[in-house]
Every structure is written in structure tokens, then in C-alpha cells.
Amino acid sequence: MQTSDSQARPVLLVTRRLPEAVEARAARTYDARLNPDDAPQTAPSLVERASGAAGILCCPAEKLTADVIGALPDSVRILATFSVGTDHIDLGAARARGIVVTNTPGVLTDATADTALLLILGAARRASEGESLVRTGGWTGWTPTQLMGTHLGGKRLGVFGMGRIGQAVARRARAFGMSVHYSNRSRLPAELEEGAVFHADPEAMLAATDVLTLHCPATPQTHHWLNAARIARLPRGAVVVNTARGSVVDDEALIAALKDGHVAAAGLDVFENEPNLHPGYRGLPNTFLLPHLGSATVETRNAMGFKALDNLDAFFAGQEPPDRVA
């Protein structure tokens, strides 16, 4: 979006510190209110900082509930979230106020899929236990039975949610000799399945799954989807991986299964109520835990920011934003 010196640039509130290249572009185009200290935003501080802003470039850490959206100044016309997921935004409340909402799909597929494979490998091969042994000085040398994990070749990967990221994980898993099963709202065309076995009933998929990877959105229907009953359908010794949203997993049920060995290991990058994850995970040696870094590469985070700005530019140019969700 181009502006002349005689035109007032739209005020854009950027809620958190973003990559340098993204902030530089935002500052060139907008009267950008940046957050150089990366201070977390409470609801009152966000509303206060939004005074006079025409747009907000927000992040998943901000919970834009109906109350927060209702309290935003009338000047706010668009929310561009630095994420694919929109569960932190009350889309209905935004629509009711006539506020456009956009997200950043597509650009973080590969980075998140790579992280899912990292979690699968780390959990299956007991990487967290091994690193701890080395770092704490407890390693006394190689032994034949030390930290024996699970070999992925020949195992069955179950993908719950076969969208862009699920498909990218499946492609990577095949390189390790895994077969792929999946459950999705609708069956994919054969060219996208690439030989994967479709299960219309996700319950049936669980019984055919040695490694379960979750890639569904956070919705009321998927809240605590992986509960005790579904975990019981997995073969004993299965591995569970989550790079979707923490709320998809019933923490108490997964922790119990990790303790009794029904689930051999879990690799988790997302948590319910993060960063205040369930404390039960921390004490379990068979968990491989990451701090929500699925998309955390320089290239991906830049691309996410640029996509958010592309949506903002289109909106303020009077065009339909390409990634509008509300």
C-alpha cells in the first residue's frame, strides 16, 4: 500500500515484538505502534494502546474475547493475526462489530511439519532422557540396553487432521518407512492421499496407529478430543505428538497413560493454558517438550508477518484481504 506525504497513514497497533524485517515494513507503510520490549499485553493495556488505531496486528498470546473486542475503540476496523489459528479471537464478536479478521495460512506448513517430525523422533528415540543424562553428568558410557526407543520404520502413522500440515508430515514420515493412516472431515483426492489409508471414523484410525500426530483446529468439537477413551483405543506403546493446539488433548488422561505405559512417549509443542502447562508433564521422563516453536524459523516468521501485512495493505487499499476469516 502506497501513501503520499499528504495522506495520513493508518495507525497500526503491533501487539508484540516481531521480526526486524516485518517491523521495518510495517513502519514504512503505517503509523506503527510497536512493542520493542515485547511486553505481554493484558486486556486493559491492549484496549488502551488501541486508542485511535485503525488496525491491530495481534498474536496468539492475546485473548481477544467478546469482552475485549467489545471494548476496542470504534477506530479499529481490522484484526490481522500473526498465526493460522484463530481460536484466540472471538470471530462472532468481531463480525458483530464489523471488524475484519485475517490470518496467515500456508506459509508455516513446512516449519510446523518439521517440528512434528522432530517431536516424533525425539519422543520415539527418548531424546529428552538422553540429553538430560549427558547434561547432568549421569552418562557413564555406552551399554547394550541403554535408552532403547522405538524404530519408526514399518510403524503406522495416524494423522488426525489431514490439511496442509498433516499432508506435509505424512510425506516426511514416508521417508522413514512409515505407512500413513488419516482421518479428516472429508476424504482427500487420491493424488493428495499418496497411498494413505482414509478412516471416515477417527475411532477406527486409532486402533491402526502406532504414532498419533494431531493437526486439527481448536474448536468446541475438538476440545479434549484425545481423552481417556480414545487413548485406550491406541495400541499399547503408542507415541502421541501434538503441534496443533493444547486444548485438543485431555492432559490428565494423557499423563495417566504415560505413567502406566499405555502411551510410551509424547512429543508436545503446544499446551492447554500455555505457558502454564500441566505440571505433571515436567516430571515424566517419557515426554519430549518444546515451547510452542513449531513455526519458529527466521524464514517462516518473516513470511507470517509479511502475509499479515499483505492482508492489512489490501484492506486499507479498499480490496478484499486474501486471507479473511471474518
Could you say which residue among Ala218, Ala244 is touching a Cys at 6+ places or on another chain (Cβ under 6 Å), closer than 19 Å to Gly161 by Cα and in a loop (DSSP other than H, G, I, E, B)?
Ala244
Answer yes if at least one residue in region 58-73 is buried (at least 23 other Cβ atoms within 10 Å of the Cβ) and over 14 Å from the mean Cα position of the chain (by Cα), and no otherwise.
yes
Region 282-326: number of residues that are β-branched (Val, Ile, Thr), assigned to a helix (DSSP H, G or I) and surrounded by fewer than 17 Cβ atoms within 10 Å (Cβ to Cβ)
1
Just a yes or no: is a residue in region 123-140 under 26 Å from Arg301 (Cα atoms), touching a His at 6+ places or on another chain (Cβ under 9 Å) and in the same structural domain as Phe176 (by TED's automatic domain parsing)?
no
Determine which member of the set Gly52, Gly92 is touching a residue at least 24 places away in the same chain (Cβ under 8 Å), in contact with a strand residue (DSSP E or B) (Cβ under 6 Å, 6 or more places away or on another chain), exposed (fewer than 15 other Cβ atoms within 10 Å of the Cβ) and more than 25 Å from Leu258 (Cα to Cα).
Gly52
Take residues that are among the hydroxyl-bearing types (Ser, Thr, Tyr) and tell me which of the helices (runs of 4 or more DSSP H) falling wholly in region 88-193 contain 1 or more.
109-124, 127-135
Look at Arg125 and say whether it is crowded, with 18+ Cβ neighbours inside 10 Å, over 30 Å from Pro322 (Cα atoms) and in contact with a Ser or Thr (Cβ under 6 Å, 6 or more places away or on another chain).
no
Residues in region 150-175 that are free of Cβ contacts under 8 Å to residues at least 40 places away in the same chain and closer than 23 Å to Gly237 by Cβ total 6
Thr42 surrounded by fewer than 21 Cβ atoms within 10 Å (Cβ to Cβ), over 28 Å from Arg164 (Cα atoms) and without any contact (Cβ under 8 Å) to a residue 12 or more places away in the chain
yes
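The values are calculated or read from the model by the stated rules, or taken from the named source; none is laboratory data. For clarity, every value in this text was computed on a predicted model and none was experimentally measured. Cβ sites come from the backbone with ideal geometry, for glycine too, and all protein chains shown count toward neighbours.
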